[in-house]
Every structure is written in structure tokens, then in C-alpha cells.
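Here is the structure we will look at.
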Amino acid sequence: TKAQHTQKRSTHKSAAHTNTRTALWAMVLYGHKTIRSGERYAVWSVDGTCKLVDGPKRITLFRQKKERLQNFTAGREAYLVIKKRDGSTVHAPGPCSVFFHPVEDESIQEASAVVVKASEALVVARHGSGIKAELQVPSRQGSDGGVEFRLVKGPAKFIPAADEWVQEKLQERLADSNSYLHINKRDGSVEILEGPCSTFLDPITDESIQVCNAYKVAASEALVIAMQQRTHAALPKSDGVAASTSSELVEYRLVKGPAKFIPSPHEWVLDKLQEHIADENSYLEVKKRTGPIEIIHGPYSMFLDPVHDESVCVKPATMIDASEALVVYKHSTGHESSVQRRIFRGPARFIPAADEYLHHFEWSGVPKDASKTSYQPRALNFTKLKVIPMTAYHNVSEVRTNDDTLITIKLMLFFDLVDIEKMLDATPDPIGDFINAASSDVIAFCSAVSYETFLNETHKLNQLSTFTQLVSRAEHIGYKMDKVVFRGFQAGAKLQAMHDDAIQERTRLRLLEETQAQEQRAMDLRLAAEQQRMTKEAQLKVEQARLESDISLSTQKAKLAEQRLIDEAEQERARLQQDTAIAELRAKGAAEAEIEAKRLEVETARNAEQLRVMREMKALQVDITKVLVAQQPHVDSVIKLDTGSSSSTKLDHKASAAGKGLIGALQLNL
């Protein structure tokens with residue numbers, strides 16, 4: 001480790017220092033010595049005195065001895081242990097530097113400081129002077145002194161004093177929110193610290209510390225907590241001296257979930273209980289330690305009380321429908337020991353009281369993996385009694401007729417329960433009674449007839465009058481026999497073989513007869529089919545000729561209709577062309593008429609405008625004649641046609657001139 005390495009290095013330095021001192025002990029008669037800066041020398045005189053000289057300095061030696069002193073240094077993570085010649089020890093914490101003193105010091109060593117982590121602590125011991133402290137124990141070396149202890153918690157860097165040493169390094173004990181600290185004291189007591197918390201072991205008062213998980217209790221769980229209490233009682237005085245005694249009592253309590261439980265110092269978890277839950281179709285049976293039984297109807301939930309309860313069981317309620325019933329017995333509460341019986345009919349849900357129990361039926365029944373006609377005593381176990389009509393299959397084996405023929409009779413019984421009380425008082429096994437009574441009636445019937453007679457009278461086995469003992473026994477035990485069905489019989493091997501051969505022969509002859517009849521019917525059917533086929537062929541030919549004539553006639557009619565359609569189309573096309581031409585002519589005439597009408601309207605408007613202008617000019621006293629003459633264009637030549645009527649010609653010329661002037665005036669105005 002680092003401390004051991006430092007100690008070895010200090011040992012080597014001490015050894016080197018000793019050799020150096022031996023080498024420098026030579027006497028100097030006369031001389032000089034230069035002491036450098038940072039050095040220290042010890043100068044020994046003849047009289048044995050010692051003088052310490054620090055550099056930088058130059059000294060003169062006369063019959064003196066010089067010794068260079070070693071310089072010991074310690075960093076931040078170390079310290080110097082200086083042992084004096086008087087037996088004392090001095091610790092110089094780093095960073096520091098110390099020269100060896102040849103007179104006072106025995107040795108100087110470098111030691112590493114103790115690094116304490118955040119989750120650690122140091123138990124530091126120190127010699128005391130008999131003073132009682134909080135962490136002080138008597139010294140083992142003597143009665144005058146003692147040892148004192150103290151804790152140094154991390155994170156820290158610890159450098160002990162000269163009279164201190166590290167006794168032990170402790171680890172911090174941590175408890176989160178789901179745990180706790182269990183501290184065992186040296187005096188026998190226990191201390192519980194709930195998490196989250198942390199602490200260190202006290203070496204004086206604590207024996208051990210354990211981190212324990214808190215008990216997590218689910219919603220359907222509970223803890224039985226035991227708590228110890230100590231009681232003191234005084235005893236009578238004996239010889240004038242009073243005495244007392246102490247006893248321990250244990251109390252119990254339940255902690256129901258959901259919860260997180262941390263026990264106190266005087267508590268411990270005795271047991272973890274599961275919640276017993278009963279729904280609507282179940283109940284709780286609680287057996288007390290004192291003997292009685294308590295019945296609690298569901299829905300309900302509870303935990304077992306370890307003091308008063310022996311056990312708690314969840315049992316299903318008995319569900320019965322309308323076709324079932326229960327026989328319930330109840331202990332009476334009188335002085336005499338008696339039991340009362342009652343019938344509980346469905347549909348209902350039955351939960352027995354604490355003093356009630358159900359009747360358990362054990363009847364003859366069909367064994368497992370056996371035939372439905374074979375019965376075994378006490379094979380049918382149940383508590384729900386059927387009160388509806390029931391059936392049972394039964395074979396009466398090896399019944400002998402009066403001619404010594406062995407046969408097996410197969411029956412099916414139909415019965416109905418009428419009186420339950422009468423049945424309970426009369427028989428423990430009605431099915432067994434039915435089987436025995438039916439067997440007796442069948443044996444009595446077969447023993448009085450022969451085999452041939454039996455074959456002819458098997459229908460009597462379907463009548464209740466044949467089964468007198470069965471009907472009588474059913475009425476006696478509270479049942480009603482509705483009917484008996486004969487399902488057949490089975491004879492011996494040889495007789496059955498003969499009977500089978502006869503049946504086969506009869507069947508062969510009947511099949512042969514049926515085969516021949518079938519052949520005759522087949523020939524008749526063949527002839528009838530041929531006649532029908534010829535008739536159908538003739539009808540088909542006639543029908544085919546009729547169809548051909550119809551097709552020819554239809555073809556001619558189609559051609560005529562097609563030609564008629566073509567002619568009608570041509571006529572329609574000509575008519576449409578004529579109508580189109582007439583429409584075009586009408587449209588053209590209408591357009592020309594419209595153009596002529598518009599032209600006349602324009603001419604009329606022009607004349608009206610010209611007339612208006614002349615009237616305005618006349619109102620302004622303008623010579624209209626000059627204006628009209630001025631508006632006429634100049635002509636190069638005039639051709640005059642004289643018809644002999646000069647006056648009329650002049651008038652016509654003036655009128656045309658006037659007309660041209662009006663048109664020019666209108667053009668000018670426009």
C-alpha cells in the first residue's frame with residue numbers, strides 16, 4: 001500500500017542519513033565550508049556542543065566537525081512523524097518541511113494521511129487522563145488512565161495527533177424509503193431507525209447494525225405482529241424480605257395492506273396472512289379455537305385471527321335449479337339430542353348454517369368406463385336430488401322360459417319422484433329397488449311361457465300391468481313408475497344362430513320375389529318408354545314442319561315490312577327537303593322585307609331631320625334657296641330634255657333640285 005511504500009522510503013532515508021553522519025564525523029583542524037541556500041549543517045565543537053547553521057552562509061571550522069542534516073518534506077496527503085529522544089512524538093501535518101535535529105530527534109518518518117470517503121468513518125482512539133467522555137472506555141493497561149474514542153466522518157482527510165491512532169474504519173449503513181436499520185446494542189436492547197436514514201456503528205454501545213427491508217403488504221395480505229410486554233408483580237414477604245417477579249406477555253395485532261410495515265424494537269412479524277374472499281356464490285367457514293363454527297355469507301372478506309380462529313375456508317354455495325332439491329339436517333338446540341330434517345327446493349342458492357349439513361346419497365349407478373346397463377352399488381354419489389322424471393336402462397340377463405331357453409331382456413324404465421320424505425324413510429337406494437323389482441317381474445313373465453309364445457307376446461313387456469312388483473315397489477318408496485319400454489331381447493348363441501339363419505332365409509326369399517317383380521316392372525317400363533318415344537318423334541316432325549312454314553311466312557312479312565319502311569323513309573326525306581327549301585325562301589323574303597323596312601325608316605328619319613333643319617333656318621330668316629343652291633355640286637354640262645311642256649319641266653327640275661338639296665342638307669347635318 002501507499003503507507004507501506006512511504007514507510008520503506010523513510011527507512012531508506014534514515015539508513016542513508018546514518019551512513020552520511022558516519023562519513024562526516026571526521027575532525028576538521030582548520031578549514032572553510034560554504035553552506036548553500038536551503039541546507040542546514042550541525043557543527044560539533046570539541047566540548048560536545050552542537051550549533052545549527054542554515055544557508056546560505058560560509059563558516060570557518062577550527063577543530064570542529066560538520067554534519068549535513070537531512071530535510072524531510074510532506075505533501076498535502078501526508079504528514080511527518082517526529083520521534084523525540086525523550087520518548088515523545090510530534091506529528092507535523094503537510095505540506096511541511098522539517099530538518100532532522102541531531103540532538104532532540106530520534107527519527108523522522110513520512111506517513112500518508114487517511115482518506116475517508118463519504119460513506120466511511122474512522123474510530124480514532126486517544127489516551128485520556130481518567131476523564132469520562134461520551135465515547136470513553138476504561139483502559140486495559142491501568143486504572144489511572146483511559147482511552148477516549150471519537151468518530152471522524154467522511155468525506156475527509158484525517159491526520160492523527162501525536163497521541164491518537166486509528167482504531168477501526170467503519171462503513172456507513174444506509175436505509176432507503178423501503179428499508180430500515182436494525183441496531184443491536186451491547187446491553188441487549190434493540191433500536192429501529194426508519195429509512196431513509198444513515199448511521200455508523202458505535203463501537204462502544206452497538207453490537208451490530210443490519211439493513212433490513214421493510215415488509216410490503218399487498219392489498220390482499222395482512223401481517224400478524226407480535227409485541228412483547230414485560231410485567232412486574234410483587235411476591236409476599238419471606239423472612240421480612242420483599243421479592244418481585246417479572247413475566248412477559250405477547251400481544252398480537254394485524255396490519256392490513258396495502259401498507260409498508262417497519263416493526264418497533266419489541267415487535268416481530270409472526271406470520272403473513274392471505275385475505276379470504278367470498279363472492280356472491282360462496283361463503284366463509286370460520287372454525288374457532290374454542291370449538292364453534294361461524295358461517296359468513298358472501299360477498300365478504302376477512303383475515304384469520306391467529307388468537308381466536310383455527311382456520312378460515314372459502315366454500316362454494318350449493319346452486320340448485322328448479323329440477324333439484326336438497327335434504328338438509330339440523331341439530332336441535334333442546335336438551336335431547338335430536339336432528340331435524342327439511343327439504344330445500346330450487347331454484348335457489350343454499351348456504352348451510354353452522355349446525356346444518358346436507359344428506360349425501362349413495363345409489364346404485366353405472367361404474368366409470370362401463371356399459372350403461374350395468375350397475376354397481378354406491379357408484380352414484382350426489383347431494384342434489386333430481387325431482388323431475390328420470391330414466392334407467394336395465395338388462396335382465398339369463399332369463400329361462402318354461403322350455404329351458406335362456407334369453408336376455410332389455411328394458412328402459414321411466415319413473416318420477418313424488419314424495420321425497422317417503423323415499424328417505426323407505427329406502428337408501430331406489431335404483432337398486434327398481435332393478436330388483438323389474439328383474440323379478442321379467443323372470444315371472446318368462447317362466448310362464450315358452451320361447452315361441454314369448455316371441456308372439458313381447459308386446460306385453462311394454463305394459464305396466466306386466467310389472468306389478470315394480471309398480472308396487474315404486475309406490476311404496478315414494479316414486480311413480482310412468483312406463484316401461486321393451487328394447488328387445490337376446491337369446492343364446494346356438495338359438496340365436498338358428499334364429500338368425502331363419503331370418504336370413506326369409507329375407508333371401510323375400511328379396512328374390514322382390515327381384516323378379518322388379519324385373520317385370522322394368523320390362524313394362526321399357527315398352528311404355530318405347531311407345532312414348534315413337535309418339536314424341538311423330539309430334540316432333542309435325543312441329544318441325546309447322547315451324548318451317550312459320551319461318552317462311554315470317555321471312556316474307558319481314559321483307560315487305562322492310563320495303564315499306566324504305567318507301568316511307570324516302571317520302572319523309574323528300575318532304576323534309578321541300579320544307580327546308582320553303583323555310584329558306586321564307587327566311588330570305590323576311591330578311592329582304594326587314595332590310596327594306598329599315599331603309600324606309602332611315603329615309604323617313606332623314607327627311608324629318610332635313611325638314612326640321614329648314615324650319616330652324618326659316619325661323620332664323622335664312623334664305624333657304626341660296627343654301628340649297630350652294631350645296632349642289634358644280635356641273636360641267638347640263639343636258640336638258642324638253643318634252644314640250646316647259647312649265648312642267650321647270651317644275652320637275654326645281655323639284656329634283658329641291659330634293660337633292662334636301663338630301664345634301666341632311667348629309668351635311670349628319
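Label positions at K315 and V627, each projected 7 Å from the Cα along the C-beta direction, are separated by 14.3 nm. Highest mean first, the peptides 403-410, 85-92 sorted by other C-beta atoms within 10 Å per residue fall in the order 403-410, 85-92. Lysine pair count for the range 322-411 with Cα-Cα distance under 23 Å and sequence separation of 8 or more or different chains is 8. Spin-label pair A522-S397: with each label point 7 Å from Cα along the Cα-Cβ axis, the two points sit 4.9 nm from one another. Normalised per residue, the accessible area of the range 294-396 is 60 Å², obtained with a 1.4 Å probe and no contribution from ligands, DNA or RNA. Look at where the Cα atoms of the range 304-320 and of the range 553-627 average out, and the two centres are 119 Å apart. Annotation: per residue accessible area for the range 420-464 equals 44 Å², rounded to a whole number [probe 1.4 Å, protein chains only].
Per-residue packing, averaged as other Cβ atoms within 10 Å, sorts the ranges 413-419, 560-566, 316-322 into the order 413-419, 316-322, 560-566, beginning with the highest. Taking a ≥ b ≥ c as the square roots of the Cα gyration tensor eigenvalues, the range 415-541 comes out prolate, since a/c reaches at least 1.5 and a/b is larger than b/c.
Multiplying the residue separation of Q376 and S119 by 0.36 nm and removing their Cα-Cα distance gives an extension gain of 84.6 nm. Candidate cross-link partners of K216 among the aspartates and glutamates, defined by an alpha-carbon separation under 19 Å and a same-chain spacing of 8 or more, comprise D176, E194, E267, D271, E275.
The values are calculated or read from the model by the stated rules, or taken from the named source; none is laboratory data. Computed from a predicted model, the values in this text were never measured in an experiment. We place every Cβ from the backbone using ideal geometry, glycine too, and count neighbours over all the protein chains shown. All accessible areas refer to the heavy atoms of the entire protein, side chains included, with ligands and DNA or RNA removed. Shrake-Rupley method; radii C 1.70, N 1.55, O 1.52, S 1.80 Å.
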